[in-house]
Amino acid sequence: MQRVCYTQCVRRLCGPAQSSRLLKVRNIHRSLRQLRHNTVMEDNKPWALISEGPKIQAMLMWNTFPAAEPSLLRLLPSLKVVSNGGVGIDHLDLPYISSLGVKVTNTPDVVSDATADIAMGLLLASARRIVEGHQLAVDPNMTYLSQSLMGVEVTGSTMGIIGMGRIGCKIAQRGKGFDMRILYHNRTRRSVEDERAVGASYREKVDDLLKESDFVMLAVNLTPETTALISHRELSLMKPTATLVNISRGPVVDQDALVKALRSGTIRAAALDVTHPEPLPRDHPLLSLSNVLITPHVGTNTYTTTRKMVQKMVDNALAALNGQSIPNEVKPK
């Protein structure tokens, strides 16, 4: 599998003329071996573009692969753009890539609805113990459906959102539909109009949000400031009946502290679409706790959103190659 590079479904979306310009990596970098397992769309067949390394001008990155490491980038002297699928760019060294004269792009707007959906899905499933209920209902030894599987009320409860960007606002909209009281904390307060649109109240101090919320929703980007944002102290401020929901990045939560809080009853439960690492080691204590619900980082995994993300990746890459204004360029700070 030499000189294989990855671009899922580009030929289907753009046709041969456009896809011939979106070429990638020459060497089978260690991470590219995983591409054999990548599947796409209805027929579950992987797609790849093949080219010589010196000619490659655009790298399309999906699920952080291929890894944009210096050892790989040095093989691509003609590279002009790294087009990342998804919003998070914490896996990219922006200053280094920029120093090579290479642009970086992401796909912010198209992922918001699907990610907000999974956030509310996790909240609801944890609150109403849906997975446990399913397991009981299909248990071959079950002869009587007990009514003792008690959950917590979502309607009328308080949801505190940490990170009120595009996704945070979409989550707030969904919470409003459940008549939830919405609190939020953000580096910058949203406009009065934005707050009114989703019925959200600002909390300048994250501690106040933690103390008041029945559900704490993490929707922040991973940065040095947000790494281990939720640890022992923050968990101790939450209600013993509260649930932590994380749809941002695994390292935002100190997992050792979370395990301790869940075991001791400091908080009621956790619902996680992200962990660190992914997947967790099979002997990790989070996997054995009954008050934890984990999904395998599937926030954007719908056919509609995946198609939109790939199209956005292609649009960004073509704009960079054609010297046009790039719709979603990410610049180093």
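The values are calculated or read from the model by the stated rules, or taken from the named source; none is laboratory data. A quick note: this is a predicted structure, and the numbers were derived from the prediction, not measured. Don't worry about glycine lacking a Cβ; one is built from the backbone with ideal geometry, like all the others, and counts go over all protein chains shown. Just the protein is used for accessible areas: all its heavy atoms, side chains included, with ligands, DNA and RNA removed. Shrake-Rupley method; radii C 1.70, N 1.55, O 1.52, S 1.80 Å.
What the phi angles of region 175-190 give under the Karplus curve with 6.51, -1.76 and 1.60, with θ = phi - 60°, is a coupling list of x, 4, x, 9, 6, 7, 7, 10, 10, 8, 10, 8, 4, 10, 5, 6 Hz, glycine and proline written as x.
Computed in the context of the full set of protein chains, the accessible area of region 186-304 at 1.4 Å probe radius has 51% of its extent on carbon or sulfur.
Using Cβ point charges alone (K and R +1, D and E -1), the dipole size of region 61-213 about the Cα centre works out to roughly 340 debye.
Distant-in-sequence amide contacts of residue 294, defined by a placed amide H-H separation under 5 Å and a gap of 5 or more residues or a different chain, comprise 272. With the biggest extent put first, the Cα atoms of region 275-317 measure 43, 18, 11 Å across the principal axes. Counting only lysines at least 8 places from residue 55 when in the same chain, those with an alpha carbon closer than 18 Å to its own are 24, 80, 103. Compute, for residue 181, the solvent-accessible surface of its heavy atoms (probe 1.4 Å) with the complete set of protein chains present, and express it in square angstrom to the nearest 10. Roll a 1.4 Å probe over it and residue 181 shows about 100 Å². For region 224-333, the list of GluC sites (Glu not before Pro) that fall in a loop by DSSP and count at most 16 other C-beta atoms within 10 angstrom reads 225.
Length gained on full extension, residue 94 to residue 233, computed as 0.36 nm times the residue gap minus the Cα-Cα distance: 46.9 nm. Taking amide H as placed 1.01 Å from N in the peptide plane, the amide H of residue 238 sits under 5 Å from none that are at least 5 places away or on another chain.
For region 220-314, what is the accessible area per residue in Å² when the probe is 1.4 Å?
Accessible surface, normalised per residue, equals 47 Å².
Placing unit charges on each Cβ (+1 for Lys and Arg, -1 for Asp and Glu) gives region 213-296 a dipole about its Cα centre, and among 221, 248, 269 the Cα reaching farthest toward its positive end belongs to 269. Counting only the Cα atoms, region 132-240 fills a convex hull of 144 Å³ per residue. When 215, 65, 178 are compared by accessible area of protein heavy atoms, the largest-first order is 178, 65, 215, using a 1.4 Å probe.
Using a probe of 1.4 Å, the accessible surface attributed to residue 96 totals some 60 Å² when neighbouring protein chains are kept in position. Coordinate range of the alpha-carbon atoms in region 145-200 per principal axis, descending: 48, 18, 15 Å.
For residue 164, nonlocal amide neighbours, meaning residues 5 or more places apart or on other chains whose placed amide H falls under 5 Å from its own, are 187.
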